[in-house]
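Before any comments, here is the structure.
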């Protein structure tokens, strides 16, 4: 049962300590065996009526002259669909022929406006309020509480050094901070049902990362994936939900603003203070969340330490070159003893490789048909991995959604 907590803290002006009664904390998240009983899978409730929008940036001599052609593209292997879905899903190749283009001339995406989020309440108030936001399951998407595993025939060899023979490593005296804690419990998937379609690949000038839809046009990812420019702008951000081997089944969206709080994280190293604030909320240029739905969000509570109820999705570089998403379940999280729950590092031994940064740690609660994200993947070393979350992460999402619904 949920209990009330008596919280003691110092007043902002340094006066005597006061005591306040904190609101009730949510019950713990559901374990996997509880989830399968509490929330059965369901098919889509109605046909999809949304349109996929794709942007192509180029330079042209005058107004572009566009011809459109399309043909049926046979031979595509659609994963994660039942036979009925396969029969109604026909892959097509759409080709745009654009005349008057200026060949050899770059047309780069615009920079992103940077908005520093300043909390409108004290740390003590934020820790007591325990903010959260609901998620959204669209009627046109089916619901699955576990993603369909990729068939063995579509698996690819690992790309990076973990497959080197142990004898070879010992002989060369080479040490690898793999952050994969054997056995590796990740698996690749290509499932476009909810909520797996809310997660996708984030691309910036610095490379690729992972991210989650947390609102109609609102993306949660890590701060260190952003290119922070000295003129208070950020480099371009592109998000493709359910990205898989170059396929973008929901299209893609571009960032217009990025909300951050506390400190900007540049990497490649992440210190304690940066690890507490390694999250941003990116406002996208379209409501792509109306197609994918979005996850809810919730403040972190140390009441959940060591509960193996958390799941993670990301685009690791070692499994498929960040071209395919991976999934792992039943991860235990442990909030930092030294940090406030408002902005905190959360330790874990989930299996993480570069490319998964920004991917969500999430779980389901009883009575809800959507999961809630409590943190995003931040850093890793050979002993423990860290995520970043807390009440201010949720406040940052709330601010971005209020400013740009």
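The values are calculated or read from the model by the stated rules, or taken from the named source; none is laboratory data. As the structure is a computational prediction, the values presented were derived from the model and not from experiment. Heads up, the Cβs are rebuilt from the backbone with ideal geometry, glycines too, and the neighbour counts pull from every protein chain shown.
Worth pointing out:
- So residue 367, is it out of contact with any strand residue (DSSP E or B) (no Cβ under 7 Å at 6 or more places or on another chain), under 22 Å from residue 30 (Cβ atoms) and not in a helix (DSSP H, G or I): yes
- Hey, residue 138 modelled with pLDDT under 85, in a loop (DSSP other than H, G, I, E, B), surrounded by 16 or more Cβ atoms within 10 Å (Cβ to Cβ) and assigned by TED's automatic domain parsing to the domain that holds residue 363 or not: no
- Scanning the stretch 244-283 for residues that are in a strand (DSSP E or B) and touching a strand residue (DSSP E or B) at 6+ places or on another chain (Cβ under 6 Å) returns 253, 254, 255, 256, 257, 258, 259, 260, 280, 281, 282, 283.
Okay, residues lined up against (1) within 24 Å of residue 33 (Cβ to Cβ); (2) buried (at least 24 other Cβ atoms within 10 Å of the Cβ); (3) at pLDDT below 90; (4) touching a helix residue (DSSP H, G or I) at 6+ places or on another chain (Cβ under 8 Å):
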{"site": "279", "(1), (2), (3), (4)": "no, yes, no, yes"}
{"site": "307", "(1), (2), (3), (4)": "yes, no, no, no"}
{"site": "323", "(1), (2), (3), (4)": "no, no, no, no"}
{"site": "330", "(1), (2), (3), (4)": "yes, no, no, yes"}
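- The test for being crowded, with 24+ Cβ neighbours inside 10 Å and within 13 Å of the chain's Cα centre (by Cα) holds for residue 314.
- Any hit, the stretch 285-294, residues being over 14 Å from the mean Cα position of the chain (by Cα) and assigned to a strand (DSSP E or B): no
- For residue 223, the conditions (1) at pLDDT below 85; (2) touching a helix residue (DSSP H, G or I) at 6+ places or on another chain (Cβ under 9 Å) all hold with the exception of (1).
- Within the stretch 309-319, considering residues that are modelled with pLDDT of 95 or more and touching a helix residue (DSSP H, G or I) at 6+ places or on another chain (Cβ under 8 Å), the one farthest from residue 240 (Cα to Cα): 309
- Residue check for residue 181: on the phi > 0 side of the Ramachandran plot, at pLDDT 70 or above and under 23 Å from the mean Cα position of the chain (by Cα): no
Listed here are the residues, each with its yes/no results for (1) modelled with pLDDT of 55 or more; (2) surrounded by 10 or more Cβ atoms within 10 Å (Cβ to Cβ); (3) part of a strand (DSSP E or B).
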site	(1), (2), (3)
66	yes, yes, yes
78	no, yes, no
81	no, yes, no
85	yes, yes, no
106	yes, no, no
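- Among the residues making up the stretch 232-243, those that are assigned to a loop (DSSP other than H, G, I, E, B) and under 13 Å from residue 110 (Cβ atoms) are 235, 236, 237.
- The stretch 39-55: number of residues that are closer than 22 Å to residue 251 by Cβ and in contact with a strand residue (DSSP E or B) (Cβ under 7 Å, 6 or more places away or on another chain): 1
- Within the stretch 40-51, tally of residues that are in a loop (DSSP other than H, G, I, E, B) and under 18 Å from residue 191 (Cα atoms): 7
- Evaluated against (1) modelled with pLDDT under 80; (2) surrounded by 13 or more Cβ atoms within 10 Å (Cβ to Cβ), residue 130 falls short on exactly one condition, (1).
- Unmet requirement for residue 36, which otherwise passes all of (1) surrounded by 10 or more Cβ atoms within 10 Å (Cβ to Cβ); (2) assigned to a loop (DSSP other than H, G, I, E, B); (3) modelled with pLDDT under 90: (2)
- Looking across 388, 382, 378, 357, one residue alone is more than 28 Å from residue 137 (Cβ to Cβ) and either crowded, with 24+ Cβ neighbours inside 10 Å or over 14 Å from the mean Cα position of the chain (by Cα) (or both). It is 382.
- Residue within the stretch 371-386 that is in a helix (DSSP H, G or I) and touching a helix residue (DSSP H, G or I) at 6+ places or on another chain (Cβ under 8 Å) present: no
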